[in-house]
C-alpha cells in the first residue's frame, strides 16, 4: 500500500479534524476545557472500535489510553506505545486573535503543532489500518497526556508502567526543523527557591534583613552552574516584599533548570543541597516542583532509529536526520527506563509556544504515512 498517496487523498479530512481539535482550546490548567477537547478525539477513536481506558484526575484533565485493536492478541509480540498530549500552553480565548487557518502549505493555530497534529496522525493511522483491514504484527497503545506542558507525576507514572510493557515507544511530538527526529532532549528541574529575612522600616534598613537582597545574591551565585556546558537556568517567576518603604521579609523565585545528562542533574541538586544563606540572619529553603529526566543516547534507541531509517528509505526513499533539542517531552521518561524510544515523529513546522505556531501540511501527510508504515513493519 502506498500510504503517501492514500493520505494525500485524505488530507482534507485530516485538516478538518485538526481544526476541530484546535478550536477546542485546552490549556493544561483548565480541566474542563481539556476534558472537553479529549472527549472529542476519544469519540473519533471509538468509531473504529478502539478500546478506551480513562484515568480520572481531580486537578488536571483525565488521562486516557487508546488500545488498537481492542482485543489484545496473546499471539502478538509486545505492544508499540505511542505518546501524545492534548494540552497546550495557550489560554482559552487565544484562538480569537490566533485563529486556525490554512495559508498555502502552512496551517496556523494555537497548539496546532505542539501537539494536536500528533493526535490527528495517530487517529488517521489507526483509521487506515481499520478501513483497509490491515493487521499489524504488534498491538498499539496510545497514551493521551492532559498535562505534558506543566508536568504531572500521575501521568509520568502511567507512562512508566506502559513503557515497561512495550517493545518500542514512538513519541509524536513535532520534528526538528527540516524533519529531523529527536534522539536527545534536555532534562528539566523546576525548583522553587525561597528566602526569608526580617521586616523593618526602609529608613533604618540595618534593623532588618532584606529577603529580596538575599534572593538576588543567591541567584547570582546559582548562575555559576551555567559554566557546565549545556546547563541553563531560567528565572521564570520572582516575587517578594510588601511595599517600597518596608524591608522585604519574604522573597521567592521559580527556576527552570535544563541539562543534557543525569550527571549534570546531580551536580545541580548537589549545589542546591549545599546552598547556604549569604547575608547574616537570612534563611533559605528550596523545593522541587517537577522533574523530567534527560533523553540520553542509548544503544536501544540507536538500534530503533536505524530500523526506522531503513523503513523510511525503503517505503518512501526518505532520509531521516536525527538530532537533539533543549525542550523536554514524555519520551524522556520512557527512554530513561532503557526502552527503545524515538521522538520527533510529528510534522515539521515552526513557532512552538509562539504566536506564529504553524505546521507544514505536506509534512503532516508524509509523517502520517510514515507512522502507518512503522506500525505495520516494526
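Scan segment 75-96 for residues that are modelled with pLDDT of 95 or more and part of a loop (DSSP other than H, G, I, E, B) and the total you get is 7. Scanning segment 14-51 for residues that are closer than 14 Å to residue 121 by Cα and exposed (fewer than 14 other Cβ atoms within 10 Å of the Cβ) gives a single hit, 16. For segment 93-115, the condition holds for no residue, the condition being that it is closer than 17 Å to residue 141 by Cα and under 21 Å from the mean Cα position of the chain (by Cα). All conditions in (1) touching a residue at least 60 places away in the same chain (Cβ under 8 Å); (2) over 21 Å from the mean Cα position of the chain (by Cα); (3) assigned to a helix (DSSP H, G or I); (4) more than 18 Å from residue 141 (Cα to Cα) hold for residue 375, with the sole exception of (4). Reported count of residues in segment 137-150, each being part of a loop (DSSP other than H, G, I, E, B) and surrounded by 18 or more Cβ atoms within 10 Å (Cβ to Cβ), is 4.
Hey, can you tell me all the residues within segment 230-245 that are under 19 Å from residue 293 (Cβ atoms) and either surrounded by 13 or more Cβ atoms within 10 Å (Cβ to Cβ) or without any contact (Cβ under 8 Å) to a residue 12 or more places away in the chain (or both)? If the condition is that a residue be under 19 Å from residue 293 (Cβ atoms) and either surrounded by 13 or more Cβ atoms within 10 Å (Cβ to Cβ) or without any contact (Cβ under 8 Å) to a residue 12 or more places away in the chain (or both), then 230, 231, 232, 233 are the ones that fit.
Contact map, segment 265-285: first residue exposed (fewer than 11 other Cβ atoms within 10 Å of the Cβ), second residue at pLDDT 95 or above, Cβ cut-off under 9 Å, separation 6 or more or different chains; pairs are 273/286; 276/284; 280/209. Looking only at segment 167-180, which residues are surrounded by fewer than 23 Cβ atoms within 10 Å (Cβ to Cβ) and either part of a strand (DSSP E or B) or on the phi > 0 side of the Ramachandran plot (or both)? Within segment 167-180, 167, 178, 179 qualify. Whether any residue in segment 205-227 is more than 25 Å from the chain's Cα centre (by Cα), surrounded by fewer than 12 Cβ atoms within 10 Å (Cβ to Cβ) and in a loop (DSSP other than H, G, I, E, B) is what I want to check. Scanning segment 205-227, I find no residue that is more than 25 Å from the chain's Cα centre (by Cα), surrounded by fewer than 12 Cβ atoms within 10 Å (Cβ to Cβ) and in a loop (DSSP other than H, G, I, E, B), so the answer is no. Against the numbered list (1) more than 13 Å from residue 146 (Cβ to Cβ); (2) in contact (Cβ under 8 Å) with a residue 24 or more places away in the chain, residue 40 comes up short only at (2).
Yes or no: segment 53-65 includes at least one residue that is buried (at least 19 other Cβ atoms within 10 Å of the Cβ), in the same structural domain as residue 151 (by TED's automatic domain parsing), in contact (Cβ under 8 Å) with a residue 24 or more places away in the chain and assigned to a helix (DSSP H, G or I). Within segment 53-65 (the criterion being buried (at least 19 other Cβ atoms within 10 Å of the Cβ), in the same structural domain as residue 151 (by TED's automatic domain parsing), in contact (Cβ under 8 Å) with a residue 24 or more places away in the chain and assigned to a helix (DSSP H, G or I)), the answer is no, since none of the residues qualifies. The residues on offer are 314, 302, and the sole one that is under 23 Å from the mean Cα position of the chain (by Cα) and in the same structural domain as residue 369 (by TED's automatic domain parsing) is 302. A count restricted to segment 1-33 and to residues that are closer than 24 Å to residue 368 by Cβ and either touching a strand residue (DSSP E or B) at 6+ places or on another chain (Cβ under 8 Å) or part of a helix (DSSP H, G or I) (or both) stands at 22.
The values are calculated or read from the model by the stated rules, or taken from the named source; none is laboratory data. The structure displayed is predicted, hence computed values, not measured ones. All Cβ positions, even for glycine, are placed from backbone atoms using ideal geometry, and neighbour counts span all protein chains on display.
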